[in-house]
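Heads up: the structure comes next, in structure tokens.
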Amino acid sequence: MSFISVVNKVLSKVKPSPAERDRLSNIVRRVSSLIKDSLLNNGISAEVVPGGSFARGTFLHGAHDVDFFIRHKDPADLESFPRVVLDAFPEAVRVEGSRTYFRASHGDYELEFVPTLLIDDPSDALNSMDASFFHISYVNSRLDNALRDQVLLFKQFAKACGVYGAESHISGFSGYVIELLMLRFKRFKRFLEFLDQGNNELFLDLEGFYDSVSKAYTALKVNRSLTPVVVVDPVLPTRNAAAALSRESFDKFLLQARLFLRGPSESFFTVKEPLISDLTSLARDRGHPFFTYSFKVSGKRDVFFAKLARSLRLVKARLERHGFVVYDHGFLSDGTVYFELVRDVLPLTKRVIGPPVSIDSAHFNAFISRDAVNGPYVFNGRVCFDVAREHTRAKPLLLKLLKGIEF
């Protein structure tokens, strides 16, 4: 199947229909009205403006999330923002960020309410939330319908790779970054071809704020080993819009991009969550032990999974600290977590390698004054001991660590 035939078929599936656009527009009007009434009842002067991909016309078919900026004229009124939202949506959940914001549900739609200041210039922003409003006008004044189609292709491809979204448990491409990249490359295929040429780093400064990459990296405090993509925010040049994108997520995208160019197929745009049975079979084929554990998904899903992702990184580190090699681990959308280990039973002892045998007396004495199963002895010119392991079986340790996770 040719590239063009694949993307045309994908576009026909991911572009929202006129009826879907109208339905979402009605939801936006209804929610805006509820917030405006609450502002009036609380005596607060502020604007309610829809944001995100809805406002920029780049939302995918089936999208059920909408952002709203509550733009306050008086900074002092920001303190009343929680009351305004909770009066309109009593079940809204508080989320801590550079400013407290809220998430709520309305039918089967997920809403996000962001408090900002009503400013005319993004340079007057007190934090990045204030500047985010200006993303709407920047993108809308430059994206035409053809470019919006390219954005939709990029978003769906990233979604299928599991790297669409700047949330901490995804660490992927935000919708805004995708839009900026398409303003630069114009075609999704052109971006993939750029990556396929061996470019594993990308610097983008659409407005030319910096006269050199090194100056930009210094100003943005970029760690090149951790940050594969740097996109200078065109409305706030002190911000890397792609800061949330991790090296791991970028590499996942890069691999799929290179494979897709060599064999275009709709399957690259299909979101497929692995089955536990398939993961178990893969581990068995590799001769590795495989463990699963289930959590009940509660509260807001992105908050829950962000906490779960952080906790699993700590569990992995603890396992490895005790000598268990984690080959793979992760979680599924139903709250099931999995760990594939290289081995689940370790020897009763481990070797502790100390200083060279010729070390000075003080350090030598300090090292040999310890409890050990065996030793001291010499290994590769160093003083060594065999000490008892605290944990020799992975399963009880893993269960203990997983049961200790609190949400």
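The values are calculated or read from the model by the stated rules, or taken from the named source; none is laboratory data. In this text the structure is predicted, and so the values were computed from the model without any measurement. Here the Cβ is made from the backbone with ideal geometry for all residues, glycine too, and neighbour counts use every protein chain on show.
Some points to look at:
- Selection within the stretch 124-156: residues that are loosely packed, with under 14 Cβ neighbours inside 10 Å and small (Gly, Ala, Ser). The member of this set that is nearest to the chain's Cα centre (by Cα) is Ser137.
- Where Phe324 falls short, out of the listed (1) assigned to a helix (DSSP H, G or I); (2) touching an Asp or Glu at 6+ places or on another chain (Cβ under 8 Å): (1)
- Some residue of the stretch 294-302 being touching a His at 6+ places or on another chain (Cβ under 9 Å) and modelled with pLDDT under 95: yes
- Some residue of the stretch 326-336 being farther than 30 Å from Thr280 by Cβ and either surrounded by 12 or more Cβ atoms within 10 Å (Cβ to Cβ) or at pLDDT below 95 (or both): no
- Within the stretch 174-208, the set of residues being assigned to a loop (DSSP other than H, G, I, E, B), in contact with a Ser or Thr (Cβ under 9 Å, 6 or more places away or on another chain) and either in contact (Cβ under 8 Å) with a residue 40 or more places away in the chain or closer than 15 Å to Ala158 by Cα (or both) is empty.
- Boolean, Val326 is under 15 Å from Thr292 (Cα atoms) and without any contact (Cβ under 8 Å) to a residue 24 or more places away in the chain: yes
- Residue match in the stretch 364-376 (condition: surrounded by 13 or more Cβ atoms within 10 Å (Cβ to Cβ) and in a loop (DSSP other than H, G, I, E, B)): yes
- Residues in the stretch 76-98 include at least one that is free of Cβ contacts under 8 Å to residues at least 40 places away in the same chain, within 20 Å of the chain's Cα centre (by Cα) and closer than 23 Å to Pro234 by Cα.
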